[in-house]
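Heads up: the structure comes next, in C-alpha cells.
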Amino acid sequence: MVLTYPPCANPEGCLKMSTEKLAFRVALNGATMGTRYSVLFYSEAAEGHADLGKALHAAVSDVDTVMSNWKSDSDLSRLNRAAPGIWLDVPESLITVLEAALAVEKASHGAFDIGVAEAVAAWGFGPRAGDRPPMSPARRAITRDSLELDRANRRVRKHAPLGLDLCGIAKGYGVDRLGEVLSASGVTDWLVGIDGDMRGQGSKPDGQPWAVGLERPIRGHREIEGVIELTDLAVATSGTYRHCRDIDGRAVSHTIDPATGEPIGGKLASVSVLAKTCMAADAWATAVLVDGHWPPRRFVTPADIKVLVAGDTT
C-alpha cells in the first residue's frame, strides 16, 4: 500500500512544524591543533550526543596525530626525519592531504608549497624555532619533484632532503573530517570549524543559510568586518595580522614565501577563499596571500573558488 499526502496548504505552517521538530541547538567543541574546533547542528533531542561528540573529537585528534610538526611521533615528523629513498608507511589521510598539497603547488606555480618546514623553524614559528638557518631557495628541492606517493600501498618516500609543513592545509582537512563524521551519523545540516576556518552543509531549520563572520584584519584586535553565508560551502582565511612575532622592531608573519625562504611581504593583509571543501579553501587562501597581489601575478585561481581580499590590491 502506498500512502500519498497532498502538498502543504500553508507553507509557513509546514516550516513551523519542521523547525519545531529540530528544536534543540547542539553545540560541541574541544581542543585540537593548538586551537579549538566547533560543531553546530539542530536536533530533535537536547541530549544523547555523547558518542557523536567522541567521534568528532577522535577525528580531529587523528588529524593532529598524523600531521602535526609539533608532535615528534606524528607520521609527518617521521616522514621529515626519514632518509631520502626510504619508503615509509603512512595513513591514508596523510596521502590524501599530500596529494592535494602537491596539486595546489603545481597549479599555483609554487606559491603554495609545503616544503618550507626549515624556513618556518628558522624564523621562530616551528617546534624547533631558530635552530637552523633557512635553506636557500636556490638549493631547496622542488617539493612536488622530491616526494613520491604510493596510494595503493599507503606509503611515501622522499628523493631529496625535505622538511614538510602542513599548517596551510591540515586545518582545512580537519574541518572536512568533522563534516564527514556528522554526515556519516545522519546529521544532514551542520556548521563546523577550526580556528575560524568553517564549512556549512545544508541550512538552519528555518531554511536560512549558516552565517559566518569575517574578521577585520587588524593585529591585536578581534572585530567583525562582515558576514558571509555558507550553504554547502567552506571558507578559510589566511592573513598577516595574526600569528606574528616581532623581529628587529618589525612584525613578521608566520607565512613563508617558498621563493625566498622569508616571511611574506606582500600588500595583502587578509585572504578568504570560498570553496566546496575547507582543505581546498585553506590551501588556496595561503597561495593567494603568498603571491601578495590581487589578482595573483604567479597563477590564475581556479574557476570553482571565490576570493575575498583585504589590503592594498594595487
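Of everything in segment 254-271, what is under 18 Å from Cys167 (Cβ atoms), among the small types (Gly, Ala, Ser) and not in a loop (DSSP other than H, G, I, E, B)? Give them in sequence order. The answer is Ser270, and nothing else.
Answer with yes or no whether Ala101 is modelled with pLDDT under 95 and under 23 Å from Arg177 (Cβ atoms).
No: the conditions fail for Ala101.
Against the condition surrounded by 24 or more Cβ atoms within 10 Å (Cβ to Cβ), small (Gly, Ala, Ser) and closer than 30 Å to Ala23 by Cβ, how does Gly202 come out, does it pass? No; evaluated as a whole, the condition is false for this residue. Within segment 233-243, does at least one residue satisfy the condition of being within 19 Å of the chain's Cα centre (by Cα), at pLDDT 95 or above and closer than 19 Å to Val116 by Cα? Checking segment 233-243: not a single residue is within 19 Å of the chain's Cα centre (by Cα), at pLDDT 95 or above and closer than 19 Å to Val116 by Cα. The residue that is nearest to Leu164 (Cα to Cα), among those in segment 79-103 that are surrounded by fewer than 14 Cβ atoms within 10 Å (Cβ to Cβ) and not aliphatic (A, V, I, L, M), is Arg81. All conditions in (1) surrounded by fewer than 15 Cβ atoms within 10 Å (Cβ to Cβ); (2) in contact (Cβ under 8 Å) with a residue 24 or more places away in the chain hold for Val66, with the sole exception of (1). Taking the criterion of being crowded, with 18+ Cβ neighbours inside 10 Å and not in a loop (DSSP other than H, G, I, E, B), the residues of segment 104-119 that qualify are Val104, Glu105, Ala117, Glu118, Ala119. Of the residues Leu28, Leu98, the single one that is out of contact with any Phe, Trp or Tyr (no Cβ under 9 Å at 6 or more places or on another chain) and of a type in the set (A, V, I, L, M, F, W, C) is Leu98.
Here Met279 clears all of (1) more than 15 Å from Asp257 (Cβ to Cβ); (2) of a type in the set (A, V, I, L, M, F, W, C); (3) assigned to a helix (DSSP H, G or I); (4) out of contact with any Gly (no Cβ under 6 Å at 6 or more places or on another chain) except the condition numbered (4).
Condition first: under 13 Å from Val116 (Cα atoms), surrounded by fewer than 24 Cβ atoms within 10 Å (Cβ to Cβ) and either basic (Lys, Arg) or under 20 Å from the mean Cα position of the chain (by Cα) (or both). Can you find one or more residues in segment 264-284 that meet it?
Looking for residues that are under 13 Å from Val116 (Cα atoms), surrounded by fewer than 24 Cβ atoms within 10 Å (Cβ to Cβ) and either basic (Lys, Arg) or under 20 Å from the mean Cα position of the chain (by Cα) (or both), one finds at least one in segment 264-284, hence yes.
Considering only residues of segment 222-239 that are touching an Asp or Glu at 6+ places or on another chain (Cβ under 9 Å) and in a strand (DSSP E or B), which is surrounded by the fewest Cβ atoms within 10 Å (Cβ to Cβ)?
Of everything passing the filter in segment 222-239, Ile224 is surrounded by the fewest Cβ atoms within 10 Å (Cβ to Cβ).
Picking from residues in segment 285-308 that are of a type in the set (A, V, I, L, M, F, W, C) and crowded, with 22+ Cβ neighbours inside 10 Å, the one that is nearest to Leu178 (Cα to Cα) is Ala285. The residues of segment 21-55 that are closer than 22 Å to Val66 by Cβ and part of a helix (DSSP H, G or I), listed by number, are Leu52, Gly53, Lys54, Ala55. Could you say whether any residue in segment 12-29 is exposed (fewer than 12 other Cβ atoms within 10 Å of the Cβ) and at pLDDT 95 or above? Yes, there is a match, as at least one residue in segment 12-29 is exposed (fewer than 12 other Cβ atoms within 10 Å of the Cβ) and at pLDDT 95 or above.
The set of residues from segment 88-103 being touching a strand residue (DSSP E or B) at 6+ places or on another chain (Cβ under 7 Å), in a helix (DSSP H, G or I) and either free of Cβ contacts under 8 Å to residues at least 40 places away in the same chain or among the β-branched types (Val, Ile, Thr) (or both) comprises just one member, Ile95.
Look at (1) out of contact with any Phe, Trp or Tyr (no Cβ under 7 Å at 6 or more places or on another chain); (2) within 21 Å of Gly196 (Cβ to Cβ); (3) small (Gly, Ala, Ser); (4) modelled with pLDDT under 95 and you find that Ala280 fails only one, number (4).
Can you say whether Gly85 is in contact with a strand residue (DSSP E or B) (Cβ under 7 Å, 6 or more places away or on another chain), modelled with pLDDT of 95 or more and at positive phi, as far as the supplied structure shows? Considered against the rule, which asks whether it is in contact with a strand residue (DSSP E or B) (Cβ under 7 Å, 6 or more places away or on another chain), modelled with pLDDT of 95 or more and at positive phi, Gly85 comes out as yes.
The values are calculated or read from the model by the stated rules, or taken from the named source; none is laboratory data. What you see is a predicted model; the values in this text were computed from it and never measured. In this analysis, Cβ positions are derived from the backbone assuming ideal geometry, glycine residues included, and neighbour counts consider all displayed protein chains.
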